[in-house]
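Engineer: Below: one structure in structure tokens.
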Amino acid sequence: MNEPLPPIDVDDGPAGHILAVARNIAFQEYYSGLTMDRLAFALGMSKKTIYVHFPSKDAIFGAMIAATGATIRREVTALLDGPGGFPEKLEGLLRIVSAHFGALQPGFLQDLQRFAPHLSREIDALKEQNVPLLFTRVLRMGIEQGLVRADLDLNFLTEYWLQVVKGIHDPAVLARTGLTPRQAFEKALDLLFRGLLTPAAQAPGRWGDPASK
């Protein structure tokens with residue numbers, strides 16, 4: 001069963017209404033299932049009226065992607081600017097991002113990659129914009145509060161995490177693992193923050209100091 005769609009920031013006018021209805025259809029019936037005829041019927045308006053606001057189906061999808069990115073940035077920025085320490089901020093950030101990833105289904109991503117690969121690239125571009133901006137900020141907060149290692153190369157870690165997020169959400173990877181985008185994201189987070197070695201395996205000197213090599 002699909003998880004409920006988290007709300008995204010759209011205006012209160014006709015364009016926002018078109019976008020909201022199109023988004024609901026798209027996440028149930030995917031890119032290939034959202035036709036302008038289908039959308040016009042659901043809206044109870046003519047295709048001509050839709051075209052006044054969006055020149056094509058791809059423009060609608062592009063607006064969805066952009067609105068999703070803007071919503072994530074707004075929600076996370078409000079969280080980080082608000083009260084609370086690093087643990088609460090990290091938990092909140094992951095909850096926000098997981099909610100938006102949870103709305104995606106492997107079939108949606110596969111369909112998009114097959115029929116509109118340029119839009120798949122727009123989703124990757126969204127991650128490239130948001131991950132460095134938000135992830136680095138919360139990690140710096142963790143370092144300041146003594147809860148994240150101060151010797152970390154944040155530029156490398158951010159790039160590493162960006163490539164992980166893009167990679168685990170590749171439709172072929174999801175097909176091989178049998179995971180949803182949200183499940184893959186949460187497993188990757190567990191590995192990032194809890195690691196894969198037991199405390200015994202992490203004994204000082206066991207693995208050497210990578211920075212000294």
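Computed from the coordinates by the stated procedures, all read-outs in this text should not be read as laboratory data. Every value quoted in this text rests on a predicted model; they were computed, and no experiment measured them. So basically every Cβ, Gly included, is an ideal-geometry build from the backbone, and we count neighbours across all protein chains shown.
Engineer: Dipole size in debye (nearest 20) for the chain around its Cα centre, Lys and Arg Cβ +1, Asp and Glu Cβ -1? List each step's numbers first, then the result.
Structural biologist: Working: 22 positive and 23 negative charges, 69 e Å.
Here the size comes out at about 320 debye.
Engineer: With the dipole of the range 1-40 worked out from charges on the C-beta (+1 for Lys and Arg, -1 for Asp and Glu) around the Cα centre, which of Ala20, Pro6, Leu34 lies farthest toward the positive end?
Structural biologist: Highest projection toward the positive end goes to Leu34.
Engineer: Give me the extension gain from Asp151 to Val52: residue separation times 0.36 nm, minus the current Cα-Cα distance, reported in nm with one decimal. It would help to have the intermediate numbers written out before the result.
Structural biologist: Details: separation 99, 0.36 × 99 = 35.64 nm, distance 5.36 nm.
Once the chain is fully extended between Asp151 and Val52, it gains 30.3 nm.
Engineer: State which helices in the chain qualify, where a helix is a whole DSSP H run, it must extend 27 Å or more along its own axis by its Cα atoms, and its mean Kyte-Doolittle hydropathy must be at least 0.0.
Structural biologist: Working: long enough: 57-81 (36 Å, 0.58); 117-144 (40 Å, -0.14).
Long hydrophobic helices here: 57-81.
Engineer: Okay, moving on. Indicate the gyration tensor shape class of the range 70-213 (rounded, prolate or oblate), computed on the Cα atoms with a ≥ b ≥ c the square roots of the eigenvalues: a/c under 1.5 is rounded; otherwise a/b larger than b/c is prolate and the rest oblate. Walk me through the intermediate numbers first.
Structural biologist: Numbers: a/c = 2.02, a/b = 1.37, b/c = 1.48.
It is oblate, given that a/c is not under 1.5 and a/b is not larger than b/c.
Engineer: Let me ask something additional. Which order do the peptides 120-128, 8-16 come out in when sorted by mean C-beta neighbours inside 10 angstrom, highest first? Mind showing how you got there, number by number?
Structural biologist: Working: 120-128: 16.0, 8-16: 14.2.
The peptides rank, most packed first, as 120-128, 8-16.
Engineer: Measuring from centroid to centroid over Cα atoms, what is the spacing of the range 115-131 and the range 137-167 in Å?
Structural biologist: Answer, in whole Å: 22.
Engineer: Before rounding to the nearest 500, sum -39500 (n - 2.57) across all DSSP H runs of length at least 4 in the chain and divide by the residue total; then give [θ] at 222 nm in deg cm²/dmol.
Structural biologist: Calculated at 222 nm, the ellipticity per residue is -23000 deg cm²/dmol.
Engineer: Report the local net charge at Asp190: Lys and Arg +1, Asp and Glu -1, summed over other residues whose C-beta lies under 15 Å from its C-beta. Provide the component values of the computation, followed by the final result.
Structural biologist: On the way: positive: Arg95, Arg182, Lys187, Arg194; negative: Glu91, Glu186.
After counting each charged neighbour, the total is +2.
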